[in-house]
Amino acid sequence: MSYTLVADVGGTKLATAIFNKEQQLMSKLEVPSDTSSREALYQSLVKSFEQLCTEKAISFDEISKVSIGLPGIVDIEKGIAVYQNNIPWANFPICDCLAEVFHKAEVKMDNDVYMATWGEYCARSFSKETMVYVTLSTGISCCTIVNGEFLRGTGLAGEIGFHILDSEGRTLEQTVAGPTIEKVGRDLLGNPEITLKEMMELYYQGNAIVGTILEPLIQAMVKQLHQMILLLDPHCIVLGGGFFNHHPKVIEQLKLLLQQSFAETPFAEKEQIIESSLNKGEAGLFGAAAK
């Protein structure tokens, strides 16, 4: 029997899982990321893998593949975590390190958004379709697959957060990211402790102030999705990440506004290609298992 170990490594949490050879999820584990040092985070990863194997009475020799997703810039050919904002693995040869632990396993790695994208692509049984995955949480990014292959460009394709929205140089990420919305909400609501989750609860109750706060986010996302559809005419755009996974009503609102925008044009009804994530927060784990 052969098994696959996967990980989605982030600055806040470390999610790991074990899959059987049929790519069925057997068990998963989530722990806070220990970002105090390069070694501390690496040891947390290995210990998480050890715990999963022990729980299922599986030896390391039975692991045929280890696949991990990381934030930031990665060199998938050399297996190196090149640069990340929120984890201490700059120029870290993660694949070589894991290969020393799992001697019989093929070790793979990729950017975490790419892994999540692949998970959503496979969940839809796509093979030749064009699909864009957009993730929105503490930041925003996207990944595109065309004919079953990632559209990587020269290495930075999909970093839509840097898109400049106005003459003052304000970017898409500065407009739509969770921390920005939370900060603006705390100021306007006069509550320095309120969370984004609590703000969204007020939004669904019809709170006018929160509605005003979210309006720039919604308008910016409508424009971004509008451009994606015009540029790529994809078969599917998946909206995922912490924000969209928890707020499908916002997705429906985006689709409604796009419907109005595309009315009486050749792109009429193209808003229907926009979908919620199927794997939600586990998209990266399923994608890593399938790679």
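The values are calculated or read from the model by the stated rules, or taken from the named source; none is laboratory data. Computed from a prediction, not measured in an experiment: that's the story for all the values here. Reconstructed Cβ throughout: ideal geometry from the backbone, glycine too, with neighbour counts over all protein chains shown. Heavy atoms of the whole protein, side chains included, go into the accessibility calculation; ligands, DNA and RNA do not. Shrake-Rupley method; radii C 1.70, N 1.55, O 1.52, S 1.80 Å.
Data overview
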{"item": "Neighbourhood charge, 15 Å Cβ-Cβ cut-off, centred on PRO88 and excluding it, Lys, Arg +1 and Asp, Glu -1", "result": "-1"}
{"item": "Cut-off 12 Å between beta-carbons: net charge of the residues surrounding SER141, Lys and Arg +1, Asp and Glu -1", "result": "-3"}
{"item": "Karplus 3J(HN,Hα) series, Hz, for region 51-68 with 6.51 cos²θ - 1.76 cosθ + 1.60 (x for Gly, Pro)", "result": "5, 5, 5, 4, 4, 9, 6, 10, 7, 4, 5, 8, 8, 9, 8, 10, 9, 10"}
{"item": "Links that overshoot a 21 Å alpha carbon limit, given the list LYS21/LYS56; LYS28/LYS280; LYS28/LYS78", "result": "LYS28/LYS78"}
{"item": "Qualifying aspartates and glutamates (Cα of each under 19 Å from Cα of LYS270; at least 8 residues distant if same chain)", "result": "GLU129, ASP233, GLU252"}
{"item": "Å² per residue, accessible surface of the chain at 1.4 Å", "result": "49"}
{"item": "Summed residue charge, Cβ within 14 Å of TYR203's Cβ, Lys/Arg positive, Asp/Glu negative", "result": "-3"}
{"item": "SER27-ALA90 FRET efficiency (beta carbon distance; Förster radius 25 Å; 0.05 resolution)", "result": "0.20"}
{"item": "Radius of gyration, Dmax [region 1-122; alpha carbons; angstrom]", "result": "13.3, 38"}
{"item": "Fraction of accessible area attributable to carbon and sulfur, the chain (%, probe 1.4 Å)", "result": "51"}
{"item": "In Hz, Karplus ³J(HN,Hα) per residue of region 255-262 (6.51, -1.76, 1.60; θ = phi - 60°; x = Gly, Pro)", "result": "5, 5, 5, 5, 4, 5, 5, 8"}
{"item": "Region 38-71: trypsin sites (Lys or Arg not before Pro) in DSSP loop, at most 16 other beta carbons within 10 Å", "result": "LYS56"}
{"item": "Qualifying GluC sites (Glu not before Pro) for region 63-162 [loop in DSSP, other Cβ within 10 Å: at most 13]", "result": "GLU77"}
